[in-house]
Structures are given as structure tokens and as C-alpha cells.
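Undergrad: Below you will find the structure I want to go over with you.
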Amino acid sequence: MLLQAKHVTHYFGGLCAVSDFNLEVQKGELIGIIGPNGAGKTTVFNLITGVYKATQGSIQFEGQELVGRKPNEITTLGIARTFQNIRLFKELSVLNNVRIAAYSQTNYNPLEALLHAGRFNSAEQKDIDTAMDLLAVFQMDNFADEASKNLPYGLQRRLEIARAMATKPKLLLLDEPAAGINPNEIVQLMEFIQWIRRQFDLTIILIEHQMRLVMNICERIKVLDFGATIAEGFPIEIQHNPKVMEAYLGEGGEL
Amino acid sequence: MTNQSATPHTWRDRISAGWEAIVSRRWLLTVLLVIGFALSFLIPRFGLINPYVQLVMMYVGINIILATSLNLVNGFMGEFSVGHAGFMAVGAYVSALLSMRVIPANLAAWLFPLSILAGGAAAALIGLIVAVPSFRTRGDYLAIVTLAFNMIVKSVIENIDAIGGPRGIPGIPKLTTMPWVFGCMVLAVWMMRNLVYSNFGRGVLSIREDEIASDLMSVNTRQVKLIGFMVSSFFAGVAGALFAHLLQFISPRVFDILKSTDILIMVYLGGIGSIAGSILGATIFTILLEVLRPLGYFRFVLMPLLLIFLMLYRPRGIMGLREFRWFIPGYELFASKVWREKREVSDAPAS
């Protein structure tokens, strides 16, 4: 069991954003979380990654409790994520975006950094090479010195994933990877997600609105509505679940 | 209008080509530093420049340390600290008291580095005490806390009679000389540059860009903020120590909010997030203030006006977020290029 969320409940003031959320993720799985806007999907990601502290319940990653840990600790344990609205370090170069994500892998102390001495030089060189190699894997090495805000939208999305991969995650959380991507590119995106999963031996949880994407690549799907889990199962089950159709599409919809 | 594009050798092209030739020769920086250091000995020794100008030059050096250290927090980290003079005061008082009351008079000159370091260390410690509670929250809180801190430092000093109270400390030995200022300035700027181009520096930058994303990309933002703030206040303390031993007289009034405002103006004039900018800003501000001295009180109208126009037409300051190429470490500047060359070499036998 890679990730196990048990009875996770979260309140914003009096509003229940997530109630009794349960999830078990085995290594290597690709799981989709869907639901209408405001269903609490992103909140689930924020709870797993430590941005919010769950009001109740427990989330365990490889047997370690995540609730109460700080986001940077959780990332270091091996959970990385992307964001619904791209959150790159805009003014910084593509290379630096990736290098920042390797923060916890660097082993020199502040004094060595101040003097550029000791372990600093070799560590820095290794750091650059690792980051460039990663960019090359994502075919972005030619943009290394470009400020990330200058990249076209698609590349910004790709850089966000590359940056997440620089933290060396075991579990990757993708928050609406298809947002803003035109329908023709969905197939490419699906192949891309499958590819990083194989390339980096990843487990992936993704939030998505594009049904085509979710139904095609996810092995299991969880459906949230108003913070509550209303359905869970294989894509084919979800597609024919009347509760899901009602919540998600109103009446008469077809997934 | 001349046809600039048609002829390749307009004055503009020549200037830019000349500039390119200068900045691409990185060893020139070392040469300049050696010359500068030699001059800092020779100028006072042979009285090459009149003493007033020498004094202004030393103020420039001290202000460069102040502006660069404040830029670390305000420009690179994107926080807003407004009480930098408070840390300067701590450094100034600690080092002055050390030189006058602890270190024997005949050793004071030899142990001057020690009292500079002690001033810096005391300021860093106070910086840590200020930073721990104020970085728990985000945004404007740091401004309020540092503003209050500056006032607290001032009134604490005013109320301790043992260190002169509001009258201050007169008769501090004049230990700050031009080589000291130049040496400390170069070391301070070098170290802060080093920090910026390191893991911690990138952490500092990422906090400015997007703190939540930074946290989620494994940056220990709390640790990075504390380190950044401590380094910043350390060098403010060092500048304070140099300042005290140059002016030979310090009083709490010297380190009030106006002094902090001066440093803020230097940072924003020169440009946020740029070491070259801070050097430029501190130099321009200090010299301008002296040049405009004949205007009397009107210079305090002119300086803010300058700042207003700057904010209107160049909101990021002269060098905002850009860096002079000499200040960027070589391996960083050519990182992608070197990597590509290495890759070509390793790919060559295979193809």
C-alpha cells in the first residue's frame, strides 16, 4: 500500500469541504478523481500534500503519517504535484525552476554556500547536470535559459511536470493536466502521462474534467460531489452509475 | 534620424560592441578589484583625493553593504523589511562598545575585525529573534514587525544610560579606513552574491515567486527565510560597525526610521533582486545627496521626486531583476552550454 487515506474530513470554518474521504492506492496504479466544480478534489490534493491540515482522519504514505507534516517534508518523502493554475517560478529560468525542486537533495550547508567552498562546487555541478538531464528527458533542454513565463502554455504545463519530477517522487498528483489544452492534444497528453508513468516508475493520481482522458487512462475512478464520495470503481462502472450521471451531468447525460 | 540599421558601425554599435568586449572578459573584474584595493591604500596614504571626497567614498562603500543586504530580503526574497537601520544600530553599538570598553586601547586597531564581526554577529542574532515570530505569517506583517523593531531599538538605546542614552557615544576611535571599507564591501557583496547563487539563494528566489509552490517543491521555506534574514542583518551589523568607527560618534537618532528609508530608496532606485542594482543605487544615492547639498532642504524634495518618477517609469528600479554579467558565477552563466558540450563529447563515439 503506497497511500492510504482513512476517514479524512476537512472543514473550512463551518463548511465541510471533504467528508469521510477514503482512498487506497497501490504502487503503480493510475487513479482518477472526478467531480463537479467545488466538489473538493483539489482540497484532497492539498490535504495529501500538507497545504491544509486535515481536521480529522489520517493519511499514510508508505506507513508514515502525513497529517501534521509540513508540505516540504511530505514532498521530500516522495509526493509531488502540479497545480490547476500553473504555478511556475515565472521570472526564473527553466533550469532554475527544476533546480529549486531538487532543494532537498543538496547536501552543503549555508556556510559553504556563502563561501562557495567545500562541497559546494561539485554539488552544484552535479545539480546542474541532473537538472539538465531531466530537462532533456522532457525535451526542454533547449529552453533551459529562458524565463519560464516566456514559454508557450503547453511547455509551461510540461515544465510543471518536469519540475515535479525533479523532487524524485514515487507518487505524482496531477491537478487537471488537460486544463487549457485543446481536444486534439488530449491524445498526446494521454500518451505523455502513460510515458512518464513508465519512465519514472510512478504511481499517479489525477484530477480531471476531460472525461475522455480519465476514462481512457485511469484504472480506477473516484467521484466526489460536495465533499462526499458518491462512487468508486472501474471506468466502465462509473460511466453507468446513475448517481454519477445525476451529480455530474444533470439528468440524461452520458459519460 | 540616422540610418542606424543600414550602417553597421554607428556609435551605438561601437558602444555595445565595446561593452560586450568588457563584460565578456571576466578576469577584468579581478584586475579592477586589485586596482581598487591598491588605490584604497594609496589614496589616503598620499592624499590623492581631498578628505571630504574620501569620506563620501567610504560612505558609498558602507551604503553598498547596507543596500545589498536589504535587497536580499526585499528584492530577492520579496518580503518587505523596513527597519534595516535597527540592525545597523545593533552592529554599531556592539562594535563601538567593544572597541572602547572591552578591547584595550592599544589593541583596538588590531582587533578591529573582531569588533566588526561581533557587531555583525549581534545583529544576526537579533535578526533571528525578529524573524522567528514574524515569518510565521506572510506579507505586510514583516513590515510592521521590522518597523516596530526599529523603534524599539532606538528607544531601548535611548533609555540605557550606561551606553550614553539619547546623548549617544562620542569619541569612538577612528578605525574605519578606506582599505577596511573596500575590503569589507567586496567580501560582503561577494558572500551575498554567493548565497544568491546557491541552493539557499534559489530557495530565496522561489519564495518571492510563489511561496506555496516553493514549499511543495521541497524547499524548506522557513529555514531559507531565517537564513536569508540572518545573513541580511549580519551585514547590516557589519555596515553599522564600519559606520560607527568612521563617524566616531553614534546616537540613537542616527538610526531612526529615516535612515531605514534611505536604505530602502537605495534598493528600489538600484533595482530589486539585483546585486549590481544595489551597488548602483547606493552609489548614485550617496553621491547625489552630497552633490545636492547646496540646495539645502530642497534636496529632501528632490530625492522623493526622483523616486516617484522612477516608480512611474521604471517600477523595478534601474537594474530590476537583471544582473551584471560579471557578478554571475561562470559555471552558472554557462551551465546549459557546458552541459551541451559534455553531452556532445559523450555522444560522439556512439554515432
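The values are calculated or read from the model by the stated rules, or taken from the named source; none is laboratory data. Because the structure is a prediction, the values reported are computed rather than measured. As a convention, Cβ positions derive from the backbone with ideal geometry for all residues, glycine included, and neighbour counts pool all protein chains shown.
Undergrad: Scan region A:131-142 for residues that are crowded, with 19+ Cβ neighbours inside 10 Å and either assigned to a helix (DSSP H, G or I) or facing another protein chain (nearest Cβ under 9 Å) (or both) and jot them down.
TA: Correct list: A:A131, A:M132, A:L134, A:L135, A:D141.
Undergrad: Identify, please: which residue in region A:72-88 is outside any loop (DSSP other than H, G, I, E, B) and farther than 13 Å from A:K170 by Cβ and is, among those, farthest from the other protein chains (Cβ to nearest Cβ)?
TA: Quick first cut of region A:72-88, residues outside any loop (DSSP other than H, G, I, E, B) only: A:72-77, A:79-81.
Okay, now just the ones that are also farther than 13 Å from A:K170 by Cβ, so A:72-73.
Values: A:N72: 5, A:E73: 8 Å.
For region A:72-88, the residue satisfying everything is A:E73.
Undergrad: For region A:20-74, give me the residue count where each residue is of a type in the set (D, E, K, R) and crowded, with 23+ Cβ neighbours inside 10 Å.
TA: 1
Undergrad: Give the residue that is farthest from the other protein chains (Cβ to nearest Cβ), with candidates limited to residues of region A:100-115 that are among the small types (G, A, S) and in contact (Cβ under 8 Å) with a residue 40 or more places away in the chain. Break it down stepwise before answering.
TA: Residues of region A:100-115 that are among the small types (G, A, S), as a first pass: A:101-102, A:104, A:113.
Next cut, in contact (Cβ under 8 Å) with a residue 40 or more places away in the chain only: A:101-102, A:104.
Values: A:A101: 4, A:A102: 8, A:S104: 4 Å.
Among residues in region A:100-115 that are among the small types (G, A, S) and in contact (Cβ under 8 Å) with a residue 40 or more places away in the chain, the one farthest from the other protein chains (Cβ to nearest Cβ) is A:A102.
Undergrad: A follow-up question, please. So, A:N121, is that one surrounded by fewer than 22 Cβ atoms within 10 Å (Cβ to Cβ) and modelled with pLDDT under 95 or not?
TA: The answer is yes for A:N121.
Undergrad: Quick test for you: out of B:V156, B:V132, B:V196, pick the one residue that is of a type in the set (V, I, T) and crowded, with 19+ Cβ neighbours inside 10 Å.
TA: B:V196
Undergrad: Residue by residue through region A:143-164, note down the ones that are assigned to a helix (DSSP H, G or I) and more than 21 Å from the chain's Cα centre (by Cα).
TA: Residues satisfying the conditions are A:F143, A:N150.
Undergrad: Evaluate region B:220-228: report whether one residue or more is in contact with a Gly (Cβ under 8 Å, 6 or more places away or on another chain), touching a residue at least 24 places away in the same chain (Cβ under 8 Å) and within 9 Å of chain A (Cβ to nearest Cβ).
TA: Taking every residue of region B:220-228 in turn, at least one turns out to be in contact with a Gly (Cβ under 8 Å, 6 or more places away or on another chain), touching a residue at least 24 places away in the same chain (Cβ under 8 Å) and within 9 Å of chain A (Cβ to nearest Cβ).
Undergrad: For region B:295-351, list the helices (runs of 4 or more DSSP H) that sit wholly inside it and hold at least 3 residues that are within 11 Å of chain A (Cβ to nearest Cβ) and either basic (K, R) or more than 20 Å from the chain's Cα centre (by Cα) (or both); which are they?
TA: Correct list: B:330-333, B:335-347.
Undergrad: Tell me whether region B:165-182 contains one or more residues that are aliphatic (A, V, I, L, M), touching a residue at least 40 places away in the same chain (Cβ under 8 Å), surrounded by fewer than 24 Cβ atoms within 10 Å (Cβ to Cβ) and within 13 Å of chain A (Cβ to nearest Cβ).
TA: No.
Undergrad: Which condition does B:V186 not pass, out of (1) among the hydrophobic types (A, V, I, L, M, F, W, C); (2) at the interface with chain A (Cβ under 7 Å from one of its Cβ atoms); (3) under 30 Å from B:S40 (Cβ atoms), if it passes all the others?
TA: (2)
Undergrad: Right, something else. Would you confirm, using the coordinates I've provided, whether A:T167 is assigned to a loop (DSSP other than H, G, I, E, B), facing chain B (nearest Cβ under 10 Å) and within 30 Å of A:G227 (Cα to Cα)?
TA: So A:T167 fits the description; yes.
Undergrad: Here are A:G118, A:G180: which of them is in a loop (DSSP other than H, G, I, E, B), within 14 Å of chain B (Cβ to nearest Cβ) and not charged (D, E, K, R)?
TA: Residue meeting the stated conditions: A:G118.
Undergrad: Here are some residues: A:V214, A:V223. Which one is surrounded by 15 or more Cβ atoms within 10 Å (Cβ to Cβ) and assigned to a helix (DSSP H, G or I)?
TA: Only one candidate qualifies: A:V214.
Undergrad: For B:N199, are the conditions met, namely being free of Cβ contacts under 8 Å to residues at least 60 places away in the same chain, more than 9 Å from chain A (Cβ to nearest Cβ) and polar (S, T, N, Q)?
TA: Details: free of Cβ contacts under 8 Å to residues at least 60 places away in the same chain: yes; more than 9 Å from chain A (Cβ to nearest Cβ): no; polar (S, T, N, Q): yes.
When the stated conditions are applied, B:N199 does not pass them.
Undergrad: Specify which of the listed residues (A:I196, A:I181, A:I128) is closer than 30 Å to A:E246 by Cα and either touching a residue at least 12 places away in the same chain (Cβ under 8 Å) or surrounded by 15 or more Cβ atoms within 10 Å (Cβ to Cβ) (or both).
TA: A:I181
Undergrad: Okay, next question. Does region B:205-213 contain any residue that is more than 8 Å from chain A (Cβ to nearest Cβ), farther than 30 Å from A:Y52 by Cβ and in contact with a helix residue (DSSP H, G or I) (Cβ under 7 Å, 6 or more places away or on another chain)?
TA: no
Undergrad: Can you find even one residue in region A:215-225 that is within 16 Å of the chain's Cα centre (by Cα) and closer than 23 Å to A:D133 by Cα?
TA: No, region A:215-225 has no match at all.
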